[in-house]
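Down below is the structure, laid out as structure tokens.
The values are calculated or read from the model by the stated rules, or taken from the named source; none is laboratory data. Here the structure is a predicted model, which means the values were calculated and not measured. Cβ coordinates were reconstructed from backbone atoms using ideal geometry, including for glycine residues, and neighbour counts include every protein chain displayed.
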Amino acid sequence: MKCKVAILPELNKPFVIEECDLADLKPGQVRVKIMTCSICHSDIHSVKGEHGTFEGSATAGHEIAGIVDAIGEGVTYVKPGDRVMACIVRAGCGTCMNCMSGRSWFCTNLPPNKFEQPSAYTRSNGEIPTQTGSTATGFAEYTNCDESCLCKLDDDIPYAVGSALACGFISGFGAVINRCQVRPGESVAVFGTGGVGLSAIQGAKVSGANPIIAIDLIDSKLELAKKLGATHTLNPKDCDVIEEAKKICSGFGPDYVIVAVAGSKIKRQAISASAPWGTICVIGHATADQEMMGDVCAMEFLSGRKLTGSVMGVVTLRRDMPKYMDMYRRGIVDIDSMLTRYYPFEQINEAFNDAEYGGALKNIVVIGGTE
């Protein structure tokens, strides 16, 4: 079938919307009519080739919410008409050792997702663009997606909320809940209060953490962080955040430091700010070269300090997402406040520019509709 797709003609070029041929479904695949796809900062990295360079044209987008249009051979989880989210993390087979140990990301019976692979589209010139979105191509009218990446979206959850849930929210919220497993009364600091960082702050609040420290250079983001659960806010332009974080946390530093922003210098700050027994959890990242650290001493960890990471919130997809949708429904978490602006598909370049330079938290590209 033919559908409209946002195509990057080449690396670092603006999107152009073209009509392309979408391949027939393979066994285990699902065709999704995309309603919304929000812009993740990973998309910005991807279109710049920072998750791996590509030659020729490419597609992007992975925070997908939509409606099942058709199913391939062997698909049993969904049927046409179902509302769904598409996630980078897979549900897994459920039977291998990793799945049964809660590590479905490392399922041994499903091939791992890759950030660069041939897309399911063919341009009018015969070229097959590279897909940079990993799970599927989100900035298109229709996409083909592996069934294992889908989670059903409840009827009362807006598509835009589903898009944000599919990656950005779970990346921050899950890092606190699932990776760090913060307990009531433990202290948390979050470097970077974009969509992921604000989701981490909400995870800290739900966990009963106290204090919760938000750190960012933009005061408007810090104000929203207060609304979403931060007890303290620090702007590096106004203070020494390492010293201030230690003062707030009884002179020792936070029990947990979540790093939701790119750059090795900020990771260095996070380590220095943490308690001697603290855990530093890395989410935000740039390129491998930009994240190399030559100023970390192994002796910093002799006191029990730990450095770890979190990808996609360590979620078990179809177990955790229904819980998070219910938290949203009950007002326990606030996703709407993190949705900045809505753009029609034709304004995708403006949406990306605003996401990178305009201070937006989470911009939504509306393709099929929001309801």
**Boolean, PHE173 is over 21 Å from PHE252 (Cα atoms), under 19 Å from the mean Cα position of the chain (by Cα) and buried (at least 22 other Cβ atoms within 10 Å of the Cβ)** = yes
**Residue under evaluation ILE332, criteria (1) assigned by TED's automatic domain parsing to the domain that holds GLY195; (2) modelled with pLDDT of 95 or more; (3) more than 29 Å from THR59 (Cα to Cα); (4) aliphatic (A, V, I, L, M), criterion not met** = (1)
**Request:** Would you confirm whether any residue within region 77-93 is assigned by TED's automatic domain parsing to the domain that holds LYS114, among the basic types (Lys, Arg), buried (at least 23 other Cβ atoms within 10 Å of the Cβ) and part of a loop (DSSP other than H, G, I, E, B)?
**Result:** yes
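Here is a yes/no grid of residues against (1) over 22 Å from MET85 (Cβ atoms); (2) surrounded by 19 or more Cβ atoms within 10 Å (Cβ to Cβ); (3) without any contact (Cβ under 8 Å) to a residue 12 or more places away in the chain:
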{"position": "ALA275", "(1), (2), (3)": "yes, yes, no"}
{"position": "THR279", "(1), (2), (3)": "yes, yes, no"}
{"position": "VAL282", "(1), (2), (3)": "yes, yes, no"}
{"position": "THR287", "(1), (2), (3)": "yes, no, no"}
{"position": "GLY294", "(1), (2), (3)": "yes, no, yes"}
{"position": "THR308", "(1), (2), (3)": "yes, no, no"}
{"position": "LEU317", "(1), (2), (3)": "no, yes, no"}
{"position": "LYS323", "(1), (2), (3)": "no, no, yes"}
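This table checks each residue for (1) over 19 Å from ARG330 (Cα atoms); (2) out of contact with any strand residue (DSSP E or B) (no Cβ under 6 Å at 6 or more places or on another chain); (3) modelled with pLDDT under 95; (4) in a strand (DSSP E or B).
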site	(1), (2), (3), (4)
THR143	yes, no, no, yes
CYS151	yes, no, no, yes
ASP155	no, yes, no, no
ALA160	no, no, no, no
GLY168	yes, yes, yes, no
GLY172	yes, yes, no, no
ALA175	yes, no, no, no
ARG183	yes, yes, no, no
VAL190	yes, no, no, yes
**Request:** Go through region 352-361 and give me each residue that's within 9 Å of ARG341 (Cβ to Cβ) and either in contact with a Leu (Cβ under 8 Å, 6 or more places away or on another chain) or part of a loop (DSSP other than H, G, I, E, B) (or both).
**Result:** GLY358, ALA360
**Request:** For region 328-353, enumerate the residues that are buried (at least 17 other Cβ atoms within 10 Å of the Cβ) and either in contact with a His (Cβ under 9 Å, 6 or more places away or on another chain) or within 30 Å of MET100 (Cα to Cα) (or both).
**Result:** TYR328, VAL333
**Complete:** Across (1) surrounded by fewer than 24 Cβ atoms within 10 Å (Cβ to Cβ); (2) out of contact with any Leu (no Cβ under 8 Å at 6 or more places or on another chain); (3) closer than 23 Å to ALA360 by Cα, ALA200 clears everything bar (1)
**Fill in**
Every listed condition ((1) part of a strand (DSSP E or B); (2) of a type in the set (A, V, I, L, M); (3) closer than 14 Å to ASN144 by Cα) holds for ILE7 save (3)
**Asked** What number of residues within region 279-301 are closer than 27 Å to LEU217 by Cβ and not in a strand (DSSP E or B)?
**Response** 15
**Asked** Has region 209-219 got at least one residue that is closer than 16 Å to GLY359 by Cβ and buried (at least 18 other Cβ atoms within 10 Å of the Cβ)?
**Response** yes
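Limited to region 231-258, what total is found for residues that are in a loop (DSSP other than H, G, I, E, B), surrounded by fewer than 18 Cβ atoms within 10 Å (Cβ to Cβ) and of a type in the set (D, E, K, R)? Before you say what the answer is, go through the steps one by one.
Residues of region 231-258 in a loop (DSSP other than H, G, I, E, B): 231, 235-240, 249-255.
Those left that are additionally surrounded by fewer than 18 Cβ atoms within 10 Å (Cβ to Cβ): 235-240, 250-252.
Still in the list and also of a type in the set (D, E, K, R): 237-238, 240.
Of the residues in region 231-258, 3 are in a loop (DSSP other than H, G, I, E, B), surrounded by fewer than 18 Cβ atoms within 10 Å (Cβ to Cβ) and of a type in the set (D, E, K, R).
Residue-wise test of (1) under 19 Å from GLY195 (Cα atoms); (2) part of a helix (DSSP H, G or I).
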{"site": "TRP277", "(1), (2)": "no, no"}
{"site": "SER303", "(1), (2)": "no, no"}
{"site": "THR308", "(1), (2)": "no, no"}
{"site": "MET327", "(1), (2)": "yes, yes"}
{"site": "ASP334", "(1), (2)": "yes, no"}
{"site": "SER337", "(1), (2)": "yes, yes"}
**Message:** Any residue at all in region 73-91 that's at pLDDT below 95, over 21 Å from GLY162 (Cβ atoms) and among the hydrophobic types (A, V, I, L, M, F, W, C)?
**Reply:** no
**Request:** Sort out which residues of region 277-294 are under 18 Å from the mean Cα position of the chain (by Cα) and among the small types (Gly, Ala, Ser), and write them in order of number.
**Result:** GLY284, ALA286
